[in-house]
Structures are given as structure tokens and as C-alpha cells.
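Heads up: the structure comes next, in C-alpha cells.
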Amino acid sequence: MSALETFDVLIIGGGSGLTAAYYAEQDSRRIALVTDRPDAMGGTCVNFGCIPTKTLIAAARAADAVREAHHFGVHVDTDTIEIDFAGIMSRMRAARTKAADGARQWVENSMTLFDSSATFVGEREIETATGQRIRGERVFIATGSAPVIPSIDGLADIEYWTSADVLERSECPASLIVVGGGYIGCEMACFFAAMGTQVTLVHSNATLLAEDDEISEHVTEHFDDRVARCHGRAVAVRQDDGMTHVTLRSDAGDESDISAKALLIATGRAPVTQSLGLAHAGIETDDSGAIVVDAGMATTAPGVYAYGDVIGRAAFKHTSSSEGEIAYRNAFGGDRQMDYASNPHAVFCRPEVAGVGLREADCHDQGLDYRVSRLAYTDTARGQIEQASDGLAKLIVDDDERILGCHIAGPEASVLIQEVVVAMNTPGAPAACVQRAIHIHPSLSEVVGTLFETL
């Protein structure tokens, strides 16, 4: 067994863990970074999520822009459009490699890297798979999440894809079944549909995405019309003659079969904590395996903090970056709390979706007095110009016109929501912040401006 080595900061996880590492480096602290995925420095976002998937979505949108140019009087022979799927995937992997290599170079130059898994053996002390013992004066756990594989009869006996496997494909399947109506399933369904694949999306809930009910219903109604949707649960799978067959069961118990060349399982993600030996350090988890933290990101063990997907809250890179800074500041004397009230998110499917704050159902459940404003994109000049018939914005405020939530489905939703995020971070979150602002005409920003004016 190697001698115990002590560091100012011990970080477990090479993805969101880099946030704490960044601030520790700024303070010239001695840092140990432990990761069991040295080949994927930067974590899920860089290697399996944000960067690669949005690179693919960009290609899909370029293809769709060509196909739909006739709506604006630009006529293209769509039969001659050539999708270089291998080239698209190669470009994506090059972007991913560049980002991961940059992260790894910074880590190797700025801290001590341990390419290994880690298990807690005591208070703020771990042991790597190679027997190295490491102790941190402050410890940060950011081991992320991994795909959830559902219990489906026969699934273990066949070949299927996860969201990570998709990124290694070089040939586009003629047909694809996507199991899962969340953000991963919806984005991948839209991407492959744009590539020319015949896609069937299986979702167990009546509507797609866990958004505000009205927005989810709107997205489900206006979802990419090239994607066939099946409402039901996948209960069995089998493969023969190069085809995958999935048996679906409806809420009423009726069963039916669908078939495709490939199968993607996109039924969510779960925190990665099973092999960390957290109990040895007095670190508690909940029933899902997520690490329990307080509003300052502190775990139940003194001097140990956790953030990102591993705590099972808002699983977004921008969220984990904020959590990571709060965790680091508090570890060294700060007293900050994470506020999720104005934490935004987006889904880059078709139509694009973004939201921040409470959903209407949340307001109802909490017994709040509230008002709702709604606006179709086509109620604005630019919405008409862009023929954005799938666009809808919804605003929720209390009786004092304090912003409680905003939810948007349509072009550039992820950009439009940001103005509301800024307003919600103004003391009192007053709707007047947006109402007083001058919005450029004719731009899509008028969707937000007009939405607030209609209160």
C-alpha cells in the first residue's frame, strides 16, 4: 500500500469536478483530481452530452433549412440532397476530442491527476484502484450520472444503443426505435429524422418532456412530424434477421409490436455513486443513490461537498457550474446557497423548448395565487416572417407581478428565455423589468416583450 498523500483539495470526477478545480487553481491550492474516465476528460457534457449532441443538432438544422427553403420561395431539388452521415459524425467527434484534449492538458499542467476509480476508506480519505491513498483537506464529489437501463424482457440479450453509443456510429440506420420521451430521446429522434432515418419514438407518458403541462402538450402536438410516436411501455424486445422488434403495452394492457433496424434506449440517467464507498466517510445518499446535500452543497460529512448530476437535482452543465462554485466558496469560509428558482434549461428538439422557474402545476400544488399570460409566436411580426406556427410562450406571475416562471416552445427558445432569467435575478423578480425594456423590431425578442405586455 502506498503512503498517504494529502492535498488541499481532493476532487473525484473529471467532468463537473473541473469547476472546483478551476477555483482551487485560482487560489493556488494543491489539487488532486481522481477520475476513472481519463479518456473522457470534461465529463458527460464534453464527451457524451452538450458538445457532441448539439453539434449533431446543428447538422440536422442545416439539412432541415435546405428542405424547407421552399416555404420562403427558394426552391431546391430535395431529392438530390446528400447527407454525409459519416462526415457529420466525424466532425462531431473532432469537436469532442478538441474539447476533451484541452481539458486534459489543463488538468495535467495544473494539478495532480490520478487515472483511477476511488473508494472512500475514511474521513476525507480515499483509496484508488492502484492502492494509492489520498486525503483532502476539502473534498468535492462530482462523479456525474450514467444511462438508466430499464427492465425490459430480452434487452440484455440483444444489441442496443445508449446515448453514448449513438456517438460512435458511422452508418445511419434506415429505421430506429427510440425508447424514452425525455430530452435525450426527443433530441435524438429529431436528429435521426433529419438524417433520413424512419424514427419511432416510444414514450410512456401521454405527453413528451417533463415541462409545464401546457408546453408539453404543445410540443407533443407540434413535434417533428417525421417522427412516429407510440404511447406505451416497452415490455419485451427480440432481434432476428437484422431487425429489432419491440413489444409495447398500453395503459389499458393492450400489446402491439413495432420493428426497426436499430434501438436506442433513452430512459434517463442516474447518479454514479455505487462504488464510492460513501458510507465509510459518513456520506448519506437518498433512495435513488443521489448524494444528500444542503443548500450550500455540503454533504453529511464535514469538509465534503458534492454537486452536479451526482446530487440528483437539475442535471444541466450550467447548473453544475453554479453549484460547483458555491460548493468551493463554502468549503473555504463562504456562506452561499444554491437557488434553483431561476435556473433555466433547454431541449434542442423540434420545436426547441426552454423554461425557467415554476410550472403552472407547481403553483397550483403550492397553493399560490397566480396569473398566466400566453402568446403565439405568430402574434409578433418576426414570428409571422419566420412562419413560426409551432411557437408558444407562457408566463406565470403572482398577484404582485413577480415572475414565478416562464416556458417557451419554438425557434430560439433557449435564447429568448435568458431575458426572463436576468429579470428573475433582479431583486423581487418584477415583470416590469421586461415590460420597461425596448425590444428590437422585428425580432423574436418581441415574443418575450409582448408576452409580458399582455399581463
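3J(HN,Hα) couplings calculated from phi for the stretch 222-229 with the Karplus curve 6.51 cos²θ - 1.76 cosθ + 1.60 (θ = phi - 60°) are, in sequence order, 9, 4, 2, 6, 7, 9, 6, 10 Hz; Gly and Pro show x. Between the stretch 238-310 and the stretch 120-180, the alpha-carbon centres lie 9 Å apart. Here r is the Cβ-Cβ distance between ILE158 and ARG374 and R0 is 41 Å; the resulting FRET efficiency, rounded to 0.05, is 0.40.
Quick one: grab the alpha carbon gyration tensor of the stretch 70-192, order the square roots of its eigenvalues as a ≥ b ≥ c, and give me rounded if a/c is under 1.5, else prolate or oblate depending on whether a/b is larger than b/c. Can you show the working numbers first?
On the way: a/c = 3.03, a/b = 1.85, b/c = 1.64.
Here the stretch 70-192 falls in the prolate category.
Kirkwood hydrodynamic radius computed over the stretch 167-211 comes to 11.0 Å, based on all pairs of distinct alpha carbons. FRET efficiency for the pair VAL421 and PHE332, taken as 1/(1 + (r/R0)^6) with r the Cβ-Cβ distance and R0 = 41 Å, rounds to 0.90.
How much net charge surrounds SER117 when only other residues with a Cβ under 10 Å from its Cβ are counted (Lys, Arg +1; Asp, Glu -1)? Mind showing how you got there, number by number?
Details: positive: ARG37; negative: ASP36, ASP115, GLU127.
That works out to -2.
Each of ASP400 and GLN435 was given a label point 7 Å from its Cα along the Cα-to-Cβ line. The distance between the two points is 1.5 nm. Taking each residue as 0.36 nm, the span from HIS364 to PHE72 lengthens on full extension beyond its C-alpha to C-alpha distance by 100.9 nm.
Ignoring everything except DSSP H segments at least 4 long, calculate the 222 nm mean residue ellipticity for the chain; use -39,500 (n - 2.57) per segment, divide by total residues, nearest 500.
Numbers: 13 runs with 136 residues, N = 455.
So the helix-based figure for the chain works out to -9000 deg cm²/dmol.
Can you tell me how the stretch 155-267 classifies by the Cα gyration tensor, rounded, prolate or oblate, using a/c under 1.5 as the rounded cut? Walk me through the numbers on the way to the answer.
On the way: a/c = 1.84, a/b = 1.22, b/c = 1.50.
It is oblate, given that a/c is not under 1.5 and a/b is not larger than b/c.
Model label points for ALA65 and THR454, set 7 angstrom from Cα along the Cα-to-Cβ axis, are 2.8 nm apart. The lysines whose alpha-carbon is closer than 25 Å to the alpha-carbon of LYS98, local same-chain residues fewer than 8 away aside, are LYS54, LYS317. Normalised by the number of residues in the stretch 155-267, the mean separation of alpha-carbon contacts (under 8 Å, six or more apart) gives a relative contact order of 34 percent.
Among MET338, MET243, rank each residue by its count of other Cβ atoms within 10 Å, from fewest to most, as a rough exposure measure. Don't jump to the answer; show the numbers that get you there.
On the way: MET338 21, MET243 13.
Fewest to most other Cβ atoms nearby, the residues stand as MET243, MET338.
Peptides 153-159, 21-27: what's the order by average Cβ count within 10 Å, highest mean first?
Values: 153-159: 12.4, 21-27: 17.4.
Most protected by this proxy first, the peptides run 21-27, 153-159.
Spin-label pair GLN239-GLU168: with each label point 7 Å from Cα along the Cα-Cβ axis, the two points sit 1.3 nm from one another. Phi angles across the stretch 285-296 convert, under the Karplus curve 6.51 cos²θ - 1.76 cosθ + 1.60 with θ = phi - 60°, into 3J(HN,Hα) values of 10, 8, 5, 8, x, 6, 6, 7, 10, 8, 5, x Hz, Gly and Pro given as x. Against the empirical 2.2 N^0.38 Å (N residues), the stretch 75-142 has a Cα radius of gyration ratio of 1.98.
Using 0.36 nm per residue and subtracting the Cα-Cα separation, the extra length available between ASP286 and TYR22 on full extension is 92.2 nm.
Pairs of alpha-carbon atoms within less than 8 angstrom and 6+ residues apart define the contacts here; what relative contact order does the chain have, in percent?
Numbers: 961 pairs, mean separation 62.9, N = 455.
Once normalised by length, the contact order is 14 percent.
As a calculated quantity, the FRET efficiency between ALA228 and GLU255 at R0 = 22 Å, using C-beta atoms, amounts to about 0.80. Relative contact order of the stretch 154-216, taken over Cα pairs closer than 8 Å and 6 or more residues apart, is 31 percent.
Once you reduce the stretch 407-455 and the stretch 56-96 to the center of their Cα atoms, the two points are 31 Å from each other. Rounded, prolate or oblate for the chain? Axes are the square roots of the Cα gyration tensor eigenvalues, ordered a ≥ b ≥ c, and the cut-off for rounded is a/c under 1.5. Oblate, because a/c is 1.5 or more while a/b does not exceed b/c.
Each value in this text was obtained by applying a stated rule to the coordinates, not by laboratory testing. Treat the numbers as computed from the prediction; the structure is a model and nothing was measured. Every residue, glycine as well, gets a Cβ built from its backbone with ideal geometry; the counts of neighbours run over all protein chains shown.
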